[in-house]
Amino acid sequence: MGDSSQPDDVARIAKNGDTSMNWKVFALAMLACFATTVANAQDGPQNINVVTIKINPGGQAAFEAFMTKYREAVEKNEDDRTWLVSTNAIGPVTQYTISSLMPSFAALDNPPNPIASMIQAFGEEEAMAISASLQGIVAETNGRAWIARPDLSRPIESDDTPVGVTVIFIDINPGAASVFETYGKQLVEASNKMDDGNWAMATGAPGAPSDYLVTIPIFKWADLDTPQGMPLRERMIAAFGERNGAKMYAQGVASIENITTSLLRTRPDLSRPPPE
């Protein structure tokens with residue numbers, strides 16, 4: 001999923017001073033396409049369902065053909081289901097992340113059924129043939145729910161679609177969630193004061209928060225070659241003064257147990273984003 005990093009690496013990863021985050025294009029990626037679309041997340045809590053599918057070597061073409069037919073079926077059925085797809089950005093494509101919004105967890109009572117959608121759209125014989133094409137292709141499937149946290153985010157509207165997304169998983173020390181969230185809100189305040197940095201954050205769900213997900217959109221891969229914006233510690237000091245800013249930063253970093261990062265490539269060709 002990515003290399004393990006030290007807490008201070010967030011300063012390097014989450015700066016992106018002139019990169020725009022668009023909750024509408026939250027390519028959700030959030031774990032990829034967790035890349036992403038957290039449409040209307042600022043209007044209230046949004047649950048984000050993320051399914052990660054690992055593909056056996058050589059299965060990329062068959063899986064992408066399946067996803068293309070599924071999207072065709074949903075559109076033919078005039079279904080309102082939407083989703084965003086992303087893949088690993090480096091190396092052969094072996095993993096797909098499919099992210100979708102849930103107004104509430106009640107949506108899990110009626111989960112998506114791709115085969116049923118295809119039967120409705122194409123008839124049983126064709127749907128079964130499409131389904132059979134996946135045999136031996138999928139190696140592993142994992143699902144996870146997250147809750148979008150606009151109060152811990154600093155998105156900026158953008159009409160551009162990200163080509164990729166940096167995904168940062170943050171594990172919090174036991175009992176330190178409140179400390180981390182205080183730091184997160186202070187970081188938003190500091191970034192607003194300095195007009196520096198854009199990101200979207202989500203909290204693990206359900207249950208008490210112990211892990212967080214940060215997504216930073218990438219609009220040009222070349223942006224990764226040149227670090228932009230102020231490191232987080234410097235940003236906090238510039239906003240709150242040497243003593244207070246350094247203390248806030250130190251307390252925030254101390255609440256973090258581990259950070260893991262991943263680079264994802266957005267796949268608009270396999271996605272069905274929410275309407276504007």
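Distant-in-sequence amide contacts of W83, defined by a placed amide H-H separation under 5 Å and a gap of 5 or more residues or a different chain, comprise R272.
Between L224 and Q120, the modelled label-to-label distance comes to 3.8 nm, taking each label 7 Å out from Cα in the direction of the beta carbon. What the Cα atoms of the stretch 148-276 give is an Rg and a Dmax of 15.6, 49 Å.
Where does each of 267-274, 102-109 land if you order them by average Cβ count within 10 Å, highest first? If you can, show how the numbers build up before the last one.
Numbers: 267-274: 18.8, 102-109: 11.5.
Ranking the peptides 267-274, 102-109 by packing returns 267-274, 102-109.
Computed from phi, the 3J(HN,Hα) profile of the stretch 67-80 under the Karplus parametrisation 6.51, -1.76, 1.60 (θ = phi - 60°) reads 5, 5, 5, 5, 4, 4, 5, 4, 5, 5, 7, 6, 7, 8 Hz, with x in place of Gly and Pro.
By its C-alpha gyration tensor, with a ≥ b ≥ c as the square roots of the eigenvalues, how is the stretch 48-104 shaped: rounded for a/c under 1.5, else prolate for a/b larger than b/c, else oblate? Since a/c reaches 1.5 but b/c is at least a/b, the shape of the stretch 48-104 is classed as oblate.
Rounded to the nearest 0.05, what FRET efficiency is calculated for V179 and A238 with R0 set to 25 Å and r the Cβ-Cβ distance? Efficiency at R0 = 25 Å is approximately 0.70. When the stretch 148-260 is described by a simple charge dipole with +1 on each Lys and Arg Cβ and -1 on each Asp and Glu Cβ, the residue from L152, F240, I218 located farthest towards its positive end is F240. In this rough spin-label picture, where each label sits 7 Å from Cα along the Cβ direction, the N192-N142 distance is 3.5 nm.
With a cut-off of 12 Å between beta carbons, the residues surrounding S133 carry a summed charge of -1, where Lys and Arg count +1 and Asp and Glu -1. Ranked by the mean number of other Cβ atoms within 10 Å of their residues, highest first, the peptides 224-234, 129-139 come out as 224-234, 129-139. Think of each Lys and Arg Cβ as +1 and each Asp and Glu Cβ as -1; about the Cα centre, that makes the dipole of the stretch 158-276 roughly 200 debye.
Throughout, read-outs are computed from the coordinates displayed, never taken from laboratory work. Every value quoted in this text rests on a predicted model; they were computed, and no experiment measured them. Every residue, glycine as well, gets a Cβ built from its backbone with ideal geometry; the counts of neighbours run over all protein chains shown.
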